[in-house]
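The values are calculated or read from the model by the stated rules, or taken from the named source; none is laboratory data. No experiment lies behind these values; they were computed from the predicted model shown. Cβ placement follows ideal geometry from the backbone for every residue including glycine, while neighbour counts extend to all protein chains displayed. Calculation scope for accessible area: heavy atoms of the full protein, side chains included, ligands and nucleic acids excluded. Shrake-Rupley method; radii C 1.70, N 1.55, O 1.52, S 1.80 Å.
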Amino acid sequence: MAKYIFVTGGVSSSLGKGIISASLGTLLIDRGLKVTIQKFDPYINVDPGTMNPYEHGECFVTEDGAETDLDLGHYERFLGIDTSQANNVTTGRIYNTVIQNERAGVYLGKTVQVIPHITDEIKRRMKLLSSSGDGAYDIVITELGGTVGDIESLPYVEAVRQLRWELGHVNCLVVHLTLIPYLSAAKELKTKPTQHSVQLLSQYGLTPDVIVCRTEHTLTDEVKAKISRFCNVESNSVIEAIDASSIYQVPLIMQQEGLDQVVLDKLRISNYSKLKLNRWKRFINKLNNPVGEINIGLVGKYVELQDAYKSILEAFVHAGVANSIKVNVVSIHSEILDDQNIAEEFSGLSGLLVAPGFGDRGVEGKIEAIRYARENKLPFLGICLGMQCAVIEFARNVLGLADAHTTEVEPDTAHPVIYLMEEQKSIVRKGGTMRLGSFDCKLASGTQSHKAYKKKNIVERHRHRYEFNNEYLAQFEAAGMIAAGKNPDADLVEVVEVLDHPWFVGAQFHPEYKSRVLKPHPLFVAFVKAAAKYAESNADNSLLAETTV
Ligand code: GLN
């Protein structure tokens with residue numbers, strides 16, 4: 001039977017419950033245990049797919065096409081596992097099921113209430129992964145979104161309270177992540193907010209077994225003892241989570257603090273192996289000791305919010321390490337770009353990534369950015385809308401179809417080089433109706449993508465409604481932009497490449513979702529390599545220029 005670890009948060013949001021959960025999972029997996037992580041989000045949206053990235057950051061897409069919380073991206077990147085729809089549940093999804101059940105007469109005339117009907121549905125879903133088909137997990141970690149004390153979190157805390165009794169204390173553990181603020185005037189770390197959040201949790205009938213303390217300064221033994229005494233936890237169960245220079249350091253910090261050992265002991269798990277973390281440590285070592293540095297421009301319309309492009313930023317960290325260099329991602333707002341300022345905005349860049357997106361805002365800036373990259377032989381990776389913009393740019397500036405566009409922005413364009421997929425035309429509902437999740441792609445021999453993947457048949461994740469219009473394909477290919485990858489079943493163009501260019505790849509899919517710490521994504525690795533080469537040859541050129549003068 002699987003054992004359960006619940007991770008709750010207190011005092012403040014944004015303490016990094018997702019990173020702590022993922023770090024704990026990483027340590028437990030390294031010890032040879034089968035682990036998965038799920039997240040329960042207390043908002044009423046059925047999934048975050050319809051939310052603006054400004055509201056909620058990136059929407060992470062799983063293999064099975066679920067649009068999920070960005071923490072699932074951390075889970076996959078840290079643990080190297082695939083998650084699915086079952087790993088992310090929202091209040092909206094819970095209520096949806098309960099209301100549908102009620103309409104179907106499942107509750108046989110009962111009054112349908114938060115307790116027991118909503119809490120029962122929460123509990124059912126909390127246990128779903130461990131009981132589903134191949135889900136033979138030793139441990140299921142469940143992160144509860146929100147902060148203890150929020151009205152909307154209450155049914156989840158109640159469900160965990162009930163589950164603890166049903167499953168027994170040795171099968172069910174609560175890890176509470178909290179903040180220990182530092183008052184600089186008093187030069188003191190304060191435990192009172194933590195005491196209060198644990199008190200609140202106990203009012204709901206839940207006592208934490210382990211308290212992880214997010215802090216900017218090392219906790220003294222005295223502070224730890226105080227937390228242990230006032231919060232009813234053993235002294236070895238007060239874990240310091242000091243601010244780290246990289247999220248990838250956190251598993252090592254948690255291991256030094258003994259979080260995994262405390263958890264294993266409390267859950268009475270004994271069949272684990274010795275912690276090695278060799279590959280993880282090698283990754284950290286390379287991350288901390290890059291041999292060079294390059295700048296890559298990220299052009300998008302949500303650049304003010306780092307979380308909006310989370311998976312892309314992390315994919316660059318992984319690919320940088322694979323190339324032993326540090327990638328500085330320079331965020332550039334697509335709306336400000338035009339042909340006047342582009343050269344200045346792009347000075348010092350060795351590569352350009354044009355981000356995914358929806359709607360017309362910033363599209364012209366993206367197209368302008370791509371023109372610059374194509375003409376100046378700057379390595380380019382376009383993702384989803386970024387690929388679509390590359391197609392539009394090529395159509396306008398190389399094929400001479402001046403008004404070429406995507407019908408997403410210009411429904412009546414004379415040259416719809418990107419248009420709505422046939423099966424999308426009749427769809428009016430917004431939630432979960434895109435072309436979502438994994439689809440096959442076959443790469444053409446000798447292309448940049450083929451060289452990067454080192455194989456022809458790949459499977460990548462998607463999230464889009466519009467596609468390349470195959471009526472124009474012959475024209476594009478004759479002029480030097482080729483379909484380097486296609487979906488073998490539907491003949492949809494998945495990858496475009498410009499031939500007369502050192503590295504110019506546009507992907508209709510999202511490679512960033514599949515990049516992991518210990519398995520960097522081949523396209524990002526190849527892109528960063530091409531950018532590093534560009535940086536090197538440009539440095540040589542300038543050196544050459546200096547010496548000849
Ligand atoms: N808006 C485009 C489409 O729906 C691109 C989507 C994306 O970039 N994820 O096809």
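Residues 198, 174: which one is closer than 18 Å to residue 18 by Cβ and at pLDDT 95 or above? Working first, answer last.
On the way: 198 fails: closer than 18 Å to residue 18 by Cβ.
One residue alone meets the criteria, 174.
The lone criterion from (1) closer than 25 Å to residue 200 by Cα; (2) not in a helix (DSSP H, G or I) left unmet by residue 223 is number (2).
Listed here are the residues, each with its yes/no results for (1) of a type in the set (Gly, Ala, Ser); (2) more than 22 Å from the chain's Cα centre (by Cα); (3) crowded, with 20+ Cβ neighbours inside 10 Å; (4) within 21 Å of residue 408 (Cβ to Cβ).
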residue: 438; (1), (2), (3), (4): yes, no, no, no
residue: 481; (1), (2), (3), (4): no, yes, yes, yes
residue: 488; (1), (2), (3), (4): no, yes, no, no
residue: 497; (1), (2), (3), (4): no, yes, yes, no
residue: 501; (1), (2), (3), (4): no, yes, yes, no
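Within the stretch 295-304, can one find any residue that is assigned to a helix (DSSP H, G or I) and not hydroxyl-bearing (Ser, Thr, Tyr)? The answer is no, given that none of the residues of the stretch 295-304 is assigned to a helix (DSSP H, G or I) and not hydroxyl-bearing (Ser, Thr, Tyr).
Residues in the stretch 347-375 that are more than 14 Å from residue 300 (Cα to Cα) and in contact with a Phe, Trp or Tyr (Cβ under 8 Å, 6 or more places away or on another chain): 350, 351, 372, 373, 374. Checked against (1) over 30 Å from residue 533 (Cα atoms); (2) at pLDDT 95 or above; (3) open to solvent by 50 Å² or more (accessible area, probe 1.4 Å), residue 459 meets all criteria but (1). Give the residue that is surrounded by the most Cβ atoms within 10 Å (Cβ to Cβ), with candidates limited to residues of the stretch 301-328 that are in contact with a Ser or Thr (Cβ under 6 Å, 6 or more places away or on another chain) and modelled with pLDDT under 95. Once the filter is applied, the top-ranked residue is 301.
Out of 235, 184, 228, 245, one residue alone is of a type in the set (S, T, N, Q), within 30 Å of residue 163 (Cβ to Cβ), at pLDDT below 95 and surrounded by fewer than 19 Cβ atoms within 10 Å (Cβ to Cβ). It is 235.
With a requirement of 1 or more residues that are farther than 30 Å from residue 249 by Cα and more than 16 Å from the ligand (Cβ to nearest atom), the strands (runs of 3 or more DSSP E) lying completely within the stretch 437-549 that satisfy it span 457-464, 481-486, 493-498, 504-507. Among all positions in the stretch 405-421, there is no residue which is within 16 Å of residue 495 (Cβ to Cβ), of a type in the set (Ser, Thr, Tyr), in contact (Cβ under 8 Å) with a residue 60 or more places away in the chain and within 12 Å of the ligand (Cβ to nearest atom).
Which residue out of 191, 218 is out of contact with any Leu (no Cβ under 8 Å at 6 or more places or on another chain), of a type in the set (Val, Ile, Thr) and surrounded by fewer than 21 Cβ atoms within 10 Å (Cβ to Cβ)? I'd like the intermediate steps shown before the answer.
On the way: 191 fails: surrounded by fewer than 21 Cβ atoms within 10 Å (Cβ to Cβ).
Residue meeting the stated conditions: 218.
Is it true that some residue in the stretch 494-503 is aromatic (Phe, Trp, Tyr) and touching a helix residue (DSSP H, G or I) at 6+ places or on another chain (Cβ under 7 Å)? Yes, that holds for at least one residue. The stretch 78-181 holds no strands (runs of 3 or more DSSP E) entirely within its bounds that carry 2 or more residues that are surrounded by fewer than 21 Cβ atoms within 10 Å (Cβ to Cβ) and without any contact (Cβ under 8 Å) to a residue 12 or more places away in the chain.
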